[in-house]
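Taking it in order: structure first as structure tokens, then the write-up.
The values are calculated or read from the model by the stated rules, or taken from the named source; none is laboratory data. Since this is a predicted model, take the numbers as computed values, not measurements. Virtual Cβ from ideal backbone geometry, glycine too; neighbours counted across all protein chains shown. Accessible surface areas use protein heavy atoms only, side chains included; no ligands, DNA or RNA. Shrake-Rupley method; radii C 1.70, N 1.55, O 1.52, S 1.80 Å.
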Amino acid sequence: MPKVTVDGQEIEVPAGATVLQACELAGKEIPRFCYHERLSIAGNCRMCLVEVKPGPPKPQASCALPAAEGQEIRTDSPMVKKAREGVMEFLLINHPLDCPICDQGGECDLQDQAVAYGRGGSRYHENKRAVTEKYMGPLIKTIMTRCIHCTRCVRFSEEIAGVDEIGALYRGEDMQITTYLEQAAAHELSANVIDLCPVGALTSRPYAFEARPWELKKTLSIDMSDAVGANITLHSKGREVMRALPRINDDVNEEWLSDKGRYQVDGLTKRRLDRVWVRRDGRLQPAEWTEAFGMIAGALDGDKASIAAIAGDLLDAETMFAAKALVNACGSQLTEARQTGMTYDVSSLAAVNFNSTFAGIETADAILIVGSNVRWEAALLNVRLRKAVKAGAKVYIIGAEWDPTYPATFLGSDLKILNRVPKELGDVMKSAKRPAVILGAAALAKDALPAALKLAGKFDLVREGWNGFNVLHISAARMASLMLGFTLPGGMGDIAAAAPKVLLSLGADEMDYAPYAGSLKVYIGHHGDKGAHHADIILPGASYAEKDGTYVNTEGRVQFAEKAVFAPGDAREDWTILRALADALGVTVGFDSFSELQAKMIAAVPAFGEEGLANYGALPKADSSAKFEGELAGYPIKDFYLTNPIARASEVMQRCSDELLHGADVKEAAE
């Protein structure tokens, strides 16, 4: 490890570190625009200039200069100060004075660094350059006159997203950043360039002119749009969530967020259920809580055990625990969270977990994906797989073809191919040091789990320090429901066969309600989606932004989300509805407050008591007689932007679906 001196302080730095990284290890702040920790080095903004000896007697770009033994680095010399002022002056030659009307105002790197490192005056009197606006789709607003050509957006698109849609045209003063053919940036991570842009050139189109950063309350939360469990911050103003931004968590989402997780939040205020409804004479009509509870109690009169609960994909663990406590207190065991009808064995949680972890899958050197369109089902996991491929991993996919953004070999859509593994696949998996299998929702629906467990032995997936057997869920609530034992051996079929008198639908909007025509269907949820349309009674609940809750992602990571805003109208947090319903039914559930509920849940399942990866033990022994059967003709997600009731209520997500997936030419209202 080389030793360098930074402003008189001697430190040791890792081999291969840059001078900029050495300065930061010494606690010095180095200004920068083009450099970003997760992107390749461009070295084109020149803001990170420092003085280095031995070396030429001039400022040098610290981001592109390797740290070497014996270097003396100065970050505060007169030469460095003058050089940075000069660079800032050049950057501002063509930058318009847009700060009062710029959405980046208050969180702009250019503003902050101009104050800290700039001259405080301009000597330039010529006309400023102007650039025509570019169209980058319904999510990204562009004012490219502000662009300082840091190329962060270009490098993100090429290196992280794997979609070469943004680049530079022309040279020198005429250089322009644009999407090729000026079409929308059509990938699932496109809006991350808004966070990366250090100026106001790329800002959020739906959020334009909505609020300033100092007006917003910031709440730590978890993204519900998929099972990755990306860490986010909800920014709210009054009773409305204005935007969602990613939080840095290297183990889960690094600092990225899918477009759906970022922009579905405008659906939180649309098509909301904010009062009680009951069905009279075939029509839903407004009612009071007492009337609704009375109807439920009346339907169960004399047979309390004839009640069932089905959990939707967006639920927190506390709501599911409260529902299970209520159903069990009534004498029933009918609870299920796999609302689409899957019946895979859940006796071993290790067999249905993403055991490699998201960070670990980057180190895999051979990956077999069975029945998963990873790009739509877990866009942030696809970023990790790209890293693995860059490091030399080979990827094989069984299922209908999709564009993975990295080299991959499709082996067809027939699962039977794995009963006798093709020689090429077998050789690669057996010779790999860290082989991995990813089993997706389409394969789970074909009951492929028992046969897939045989691959663990065949490919030696479990080794010292490595478990390469992974199941990728698409429901944010799935792992928590499995930990709580919220499932039945026969899945939804067991509930349909029991023909319960009362069916509690807890935000279950993807299920088939046809088998429950004879049941009193009680929908406890937050949006007027499919579940509400089939309901006989609607009890308005709270969305994930309107309640505290515990969530578990597909790798078994327990995480906690905080309440950002209050639910609208008469809507209540789900656990309070279930607690009040318990009184109406005359049963005891054992909790009267959220803290009591949480304590009871942790006592029942201790893993919920600590944030981080839960320990599910070893993989079960595989059934040697299990066979792969069936054709994977498609995947469960047909439209990336419209997978849950919040997204379907979102105007932005509807627009993305129309324009980016279905090619619709969306007109403005005035047109």
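Summary of values
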| quantity | calculated |
| --- | --- |
| Members of region 612-636 that are hydrophobic (A, V, I, L, M, F, W, C) and open to solvent by 30 Å² or more (accessible area, probe 1.4 Å) | L613, A618, L619, A622, A633 |
| Test for L202: is it at pLDDT 90 or above, within 30 Å of G556 (Cα to Cα) and either in contact with a Lys or Arg (Cβ under 7 Å, 6 or more places away or on another chain) or open to solvent by less than 20 Å² (accessible area, probe 1.4 Å) (or both) | no |
| E173 closer than 19 Å to P404 by Cα, open to solvent by 10 Å² or more (accessible area, probe 1.4 Å) and not basic (K, R) | no |
| Residues located in region 635-671, provided they are at pLDDT below 90 and either touching a Phe, Trp or Tyr at 6+ places or on another chain (Cβ under 6 Å) or part of a loop (DSSP other than H, G, I, E, B) (or both) | H662, G663, A664, D665, V666, K667, E668, A669, A670, E671 |
| Helices (runs of 4 or more DSSP H) lying entirely in region 420-499 (those with 1 or more residues that are free of Cβ contacts under 8 Å to residues at least 24 places away in the same chain) | 423-431, 492-498 |
| Answer residue from region 292-333, given it is among the hydrophobic types (A, V, I, L, M, F, W, C) and touching a Pro at 6+ places or on another chain (Cβ under 6 Å) and is surrounded by the fewest Cβ atoms within 10 Å (Cβ to Cβ) among those | A308 |
| Positions within region 407-446 being crowded, with 18+ Cβ neighbours inside 10 Å and of a type outside the set (A, V, I, L, M), in sequence order | S413, R434, P435, G440, K446 |
| Test for L220: is it without any contact (Cβ under 8 Å) to a residue 60 or more places away in the chain, surrounded by fewer than 16 Cβ atoms within 10 Å (Cβ to Cβ) and in contact with a Ser or Thr (Cβ under 8 Å, 6 or more places away or on another chain) | no |
| Strands (runs of 3 or more DSSP E) (entirely within region 29-146) containing at least 2 residues that are more than 33 Å from the chain's Cα centre (by Cα) and at pLDDT 90 or above | 49-53, 72-74 |
| Residue within region 300-307 that is out of contact with any strand residue (DSSP E or B) (no Cβ under 7 Å at 6 or more places or on another chain) and closer than 30 Å to P450 by Cβ present | no |
| Any hit, region 225-245, residues being open to solvent by 70 Å² or more (accessible area, probe 1.4 Å), more than 22 Å from I143 (Cβ to Cβ) and touching a Pro at 6+ places or on another chain (Cβ under 8 Å) | yes |
| Residue in region 246-254 that is closer than 21 Å to A564 by Cα and in a strand (DSSP E or B) present | yes |
| Conditions (1) in contact (Cβ under 8 Å) with a residue 40 or more places away in the chain; (2) open to solvent by 20 Å² or more (accessible area, probe 1.4 Å); (3) over 23 Å from K3 (Cα atoms); (4) of a type outside the set (V, I, T); number of the one not met by K81 | (1) |
| Contacts under 7 angstrom Cβ, first residue in region 113-133 being within 26 Å of L202 (Cβ to Cβ), partner open to solvent by 90 Å² or more (accessible area, probe 1.4 Å), 6 or more apart | R129/E173 |
| Any hit, region 599-617, residues being of a type in the set (K, R) and within 27 Å of V241 (Cβ to Cβ) | no |
| Cβ-Cβ under 6 Å pairs, at least 6 apart or on other chains, region 266-292 side free of Cβ contacts under 8 Å to residues at least 60 places away in the same chain, far side outside any strand (DSSP E or B) and open to solvent by 70 Å² or more (accessible area, probe 1.4 Å) | P286/R275 |
| Output for region 571-595, where each listed residue is closer than 23 Å to T219 by Cα and open to solvent by 20 Å² or more (accessible area, probe 1.4 Å) | R572, E573, W575, T576, S593, F594, S595 |
| Residues of region 193-234 that turn out to be within 18 Å of the chain's Cα centre (by Cα), part of a loop (DSSP other than H, G, I, E, B) and of a type in the set (A, V, I, L, M), as a count | 4 |
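Yes/no per residue for (1) loosely packed, with under 14 Cβ neighbours inside 10 Å; (2) over 30 Å from E133 (Cα atoms); (3) not aliphatic (A, V, I, L, M):
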{"residue": "S40", "(1), (2), (3)": "yes, no, yes"}
{"residue": "M47", "(1), (2), (3)": "no, no, no"}
{"residue": "L65", "(1), (2), (3)": "no, yes, no"}
{"residue": "G86", "(1), (2), (3)": "no, no, yes"}
